Structure formats: C-alpha cells, structure tokens
Amino acid sequence: MDAVSHPLVRVETVIASDKTALRVGSAKLIVDGTDTTLVRKAEIALRPSRVRARLLSQLLQFSCDIYNGALQQRRDAWHITRNSAQPISISRFDQFNEVKELKEVCPAIGRFGITPVRGAISRVDEAFGAFFRRVKNGETPGYPRFKSRARFRTIFYDTPTGWHLRGVTPSRPRKDGRPAKAVTAALYVQGVGDIPLTKGAVSQLRRLMARGGEHRTLSITRSRSGAWRACLGFRGVALKPLTETTEIGGVDRGIWVTAALPDGTLLTRPPFLTKARAQIADLQRQREQHEKFSPEWKKINKAVAKSYAKAHRRSENWARHCAIEIVSRYGVISLEDLSLVNMTKSSRGTTEFPGKGVAQKKGLNRSLQDAALARLAYWICVKAEEAGRRVWKVNPKDSSRECIVCGHTDAANRCRARFTCRRCRHEEHADVNAAQVLTARGQVAETSWCAAGCPVAKRTLPRNRRRRGAEPSTTT
Ligand SMILES: [Zn+2]
C-alpha cells in the first residue's frame with residue numbers, strides 16, 4: 001500500500017536513522033521495524049604509542065589543512081566570479097578530481113593516501129549542504145568557517161581504503177573445540193601504522209562482524225582531553241530478535257522519574273552529572289589560580305574535560321541499558337512527542353523583552369539536560385530498530401492530567417508525584433498514570449495504522465547513497 005494515499009497517513013520529518021516518519025492521526029510512527037539489515041557503529045578507545053600518536057596528530061593537521069584549503073577554493077571561486085555572467089560553483093567531485101594533481105606537489109598525500117583527503121573535502125561539502133539547507137528553511141545560516149588546528153578534531157575515511165582491521169575476525173571455535181588462537185588485533189592506518197586494539201574493542205567489533213556487518217567507514221577523533229577514539233561504521237548488520245510480544249507500552253519520560261512504565265516500574269537515572277559537577281567546580285576553582293594557557297592551566301583544563309566525558313559515558317551507558325530493558329518488555333513502544341528544543345530553550349528573552357523566571361528556568365534546563373530524555377528516546381529507537389519493533393511518538397497534551405480510568409482531565413488531578421482523580425477517585429503514581437495514558441494513545445495510533453493497511457515508512461536516500469544524513473550539494 002502506498003504510504004501517502006491513505007487519508008489518515010501523512011509523511012513527516014525524518015527521525016529514525018534514515019527514514020521519513022509516517023503521521024497517523026496525531027501520532028508519528030518513527031521506527032516501523034521492517035528493516036532486515038541495519039547500519040551500526042562501533043565506538044572504541046584507541047591507545048596509540050607515543051610515535052603513532054604523533055603521526056596521528058600529523059594526519060589530523062594535514063586533514064585540517066585540506067579542509068581549510070577546500071573551503072578557501074569554494075569561497076574564492078564564488079567571490080571572484082559572482083558578478084560575472086556565469087558564476088563558477090565547485091562541487092565535491094571537482095575537488096576530488098584535483099586530488100590526483102595535488103599529489104605531485106604535496107608529499108603528504110602520498111604518505112597518508114587519498115582517502116582522508118576526500119574525507120575532509122566531503123566534510124566541507126556537508127558544511128555547505130547544511131548551510132544551504134538552513135538558508136532555504138529560513139534558519140540562522142552561519143557560513144562554513146575555517147577551522148583552527150585546535151578546533152579540528154576528526155580524520156574521516158568514507159571508504160574502506162587506506163585503513164583496515166588486522167587480526168579481528170568473527171570468532172569461531174576451532175575444530176578441536178578450543179577457542180581460536182589469539183592474534184594481536186590492530187587498526188592499521190596508512191602513514192601511521194598499527195594501533196593495537198583493546199580486548200573490549202575487539203569483542204565489540206567481533207559482535208558486529210558475527211551479525212554479518214561489513215566495516216565501511218572510519219573516523220578517528222582526538223577529544224578535548226587528548227584521548228583518541230575511533231568510530232567504525234558497519235553495514236548489513238543483522239537484527240537481534242527478542243521474544244515476540246505484541247504488548248504496547250507507553251514510556252513517560254520526566255525529570256524526577258526518568259522513565260515510568262505502565263506496569264508501575266519506575267526507572268530513575270543516578271545523578272552522574274550532579275556528582276561530577278562538584279568535582280568540576282573544584283577543578284575550576286583550582287584553574288583560576290593559574291595563568292591562562294600556562295602548562296598547569298592546560299592540565300587542569302584537560303582534567304575538567306575528562307570528568308565531563310566520564311559522566312557523559314556513564315549516563316549514556318545507563319540510558320542504553322534502560323532502553324534495552326524497555327524494548328525487551330514491549331513489542332510496540334509509545335513515547336510522548338516532546339519538543340525538547342523549546343523546553344530547554346533559555347527563558348532569558350531579549351534585552352527589550354526580558355523573560356520571566358530566568359533563574360527557575362535555568363535550573364529546570366539543567367535538570368532536563370541531566371535527565372537526557374532525548375538520549376533515552378534515541379536509544380529506545382535504536383534498540384527497537386534492532387529488534388524489529390515499532391516506536392510511536394504520540395501527542396503529549398495533558399497526558400499527566402488525564403485519568404486513565406474515566407478520562408477526566410483536570411490540572412487538580414495531580415499533586416506532585418500522586419495522581420488522584422477528582423471524579424472517580426482513581427489513585428496512582430502520577431508518572432505511571434501518564435505512562436498508561438500514553439499506552440492508550442499508542443493503542444489508538446496502532447489500531448488506525450493497522451486499519452490503513454500497515455504502510456511502511458519510505459527511505460529518504462537509497463541505501464548506497466546514504467551517509468551521515470548528508471544532502472548532495474553542488475553549489476557554492
Ligand atoms: Zn477518573
């Protein structure tokens with residue numbers, strides 16, 4: 001059945017990885033669970049030796065120079081020819097073609113290979129693509145900027161050339177039953193050499209390979225704290241089926257209770273960031289006593305970045321496990337369609353129209369960001385996609401004020417964490433009641449979706465063209 005022809009179904013914005021969400025009534029189907037293979041990434045820590053780290057830094061600098069050079073070329077072409085009859089615009093492919101000629105004058109290309117050069121050019125292309133998209137949508141555009149070496153952090157490989165994995169194969173037990181012989185696993189990068197991989201990294205990569213994944217892309221990032229990380233993109237990863245269930249579960253996300261489920265389960269995220277903040281504030285006080293950019297100052301700065309990164313990792317890990325728990329319980333998940341951009345927007349206002357309750361809103365913003373509700377939704381979508389399950393985003397209006405038993409909607413029904421219906425005296429934890437209301441709304445959406453013949457969301461880009469959500473742009 002064609003997704004667009006049914007009166008109930010409308011195609012909406014892109015949400016789940018690369019598909020267009022379907023709008024059914026006031027709900028959106030953001031994960032339709034029809035994929036047979038997935039695109040997944042593995043993020044691993046790299047521990048290069050001192051020599052390799054220096055070479056990686058050189059490669060990063062080289063990528064930065066290429067990025068700035070490619071940007072300069074596009075700007076110049078535009079500025080010089082914009083008043084002429086035919087302004088010249090340079091495309092990504094024009095620049096790709098020039099790389100071969102550049103090779104003769106730039107020995108670094110011979111050393112590191114063409115792939116990272118193309119990767120940097122593609123990033124310029126994406127920056128321009130995003131710029132023109134924002135111009136078209138009437139948002140604040142922000143022209144692509146030159147990047148200093150300190151701000152340029154990532155080396156990109158868009159194809160599996162110029163790097164490969166050594167000694168990482170899907171683990172199979174040997175014929176005699178003993179585990180496979182251990183080979184030193186490493187990530188080989190042209191011009192840099194072998195970077196040994198940790199045990200954790202190897203098992204993460206093996207798991208994706210065992211599910212049929214092929215590694216296609218690589219990005220290597222130097223974080224603010226100076227640590228190196230790699231992100232490998234895998235294609236063709238098989239699903240991870242879970243126990244079949246058709247039960248619908250609404251998830252009420254909130255600041256105090258991170259996720260409430262209709263069966264009464266309350267999942268609360270430990271205050272990772274709040275804990276880290278005390279430590280960070282302490283470090284920041286120490287930093288004030290040193291001269292800016294002095295070696296001591298830089299050292300403390302790195303420690304601050306490290307502390308943030310740790311809290312972030314732990315919080316991300318918690319969200320992932322929480323999502324796995326939720327997805328394993330329900331076959332169809334319904335989330336409220338929160339507009340987090342508006343919720344966390346500062347209430348400060350402008351100088352002419354100062355906002356009200358700036359301080360209170362700031363506190364709320366902070367705890368909202370802490371709760372990382374969007375990350376939880378993200379992980380729920382990822383895990384649901386992986387298990388072939390569906391995720392709905394339903395209208396959140398009055399979900400915390402409506403009574404699940406009689407449908408009476410009143411702000412007075414709720415008193416902090418307690419929900420007591422003014423009409424039928426139904427009592428429940430407020431967030432659990434909200435989760436039950438969301439479940440009911442998910443059920444309505446699911447029913448009308450089935451009545452419409454279970455249409456499937458369309459891909460926004462064909463599989464082989466899809467990469468980082470980039471739109472092909474050819475203009476400058
Ligand atoms: Zn009631």
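Would you mind working out the magnitude of the charge dipole of the stretch 50-152 relative to its Cα centre, with +1 at each Lys and Arg C-beta and -1 at each Asp and Glu C-beta, to the nearest 20 Debye? Kindly include the intermediate steps, with their values, before the conclusion.
Details: 19 positive and 9 negative charges, 105 e Å.
Computed about the Cα centre, the dipole is about 500 debye.
Neighbour counts of other Cβ atoms within 10 Å put ASP94, ASP32 in the fewest-to-most order ASP94, ASP32.
Using the Cβ-Cβ distance between GLU104 and ASP282 with R0 set to 56 Å, the FRET efficiency works out to roughly 0.55. Taking a straight Cα-Cα cut-off under 19 Å and skipping sequence neighbours fewer than 8 places away in the same chain, the aspartates and glutamates within cross-link reach of LYS383 are ASP18, ASP32, ASP35, GLU43, GLU244, GLU247, ASP252, GLU316, GLU325, GLU336, ASP337. Each residue of the stretch 75-89 was assigned a 3J(HN,Hα) from its phi angle through the Karplus expression (A = 6.51, B = -1.76, C = 1.60, θ = phi - 60°), giving 5, 4, 4, 6, 5, 6, 9, 5, 8, 7, 5, 10, x, 7, 10 Hz with x at Gly and Pro. Karplus-derived 3J(HN,Hα) values for the stretch 234-248, using 6.51 cos²θ - 1.76 cosθ + 1.60 with θ = phi - 60°, are 10, 10, x, 7, 6, 5, 10, x, 10, 4, 4, 7, 10, 5, 9 Hz; glycine and proline are entered as x. All alpha carbon pair distances within the stretch 50-152 were sorted into 10 Å bins beginning at 0; the resulting P(r) in whole percents reads 14, 41, 32, 11, 2, 0. Across the stretch 392-456, the mean sequence separation of Cα contacts (distance under 8 Å, 6 or more residues apart), normalised by length, yields a relative contact order of 31 percent. The phi torsions of the stretch 260-270, fed into the Karplus equation with coefficients 6.51, -1.76 and 1.60 and a -60° offset, translate into couplings of 10, 10, x, 7, x, 6, 10, 10, 10, 6, x Hz, rounded to whole numbers, with Gly and Pro shown as x.
Classify the stretch 282-340: rounded, prolate or oblate, from the alpha-carbon gyration tensor (a ≥ b ≥ c, eigenvalue square roots; a/c under 1.5 rounded; otherwise prolate if a/b is larger than b/c)?
Working: a/c = 5.77, a/b = 3.25, b/c = 1.78.
Because a/c hits 1.5 or more and a/b exceeds b/c, the stretch 282-340 counts as prolate.
CYS421 sits among other residues whose Cβ lies under 14 Å from its own Cβ, and their net charge, with Lys and Arg +1 and Asp and Glu -1, is +1. The fewest-to-most ranking of ILE44, ILE380, ILE326 by surrounding Cβ atoms within 10 Å reads ILE44, ILE326, ILE380.
Relative contact order for the stretch 50-152 using alpha-carbon pairs under 8 Å, separation at least 6, rounded to a whole percent? Mind dumping the intermediate values first?
Working: 67 pairs, mean separation 37.1, N = 103.
Worked out over the stretch 50-152, it gives 36 percent.
Every number here is computed from the coordinates shown, using simple stated rules; none is lab data. What you see is a predicted model, and the numbers here were worked out from it, not measured in a lab. Note: ideal-geometry Cβ built from the backbone for every residue, glycine included; neighbour counts use all protein chains shown.
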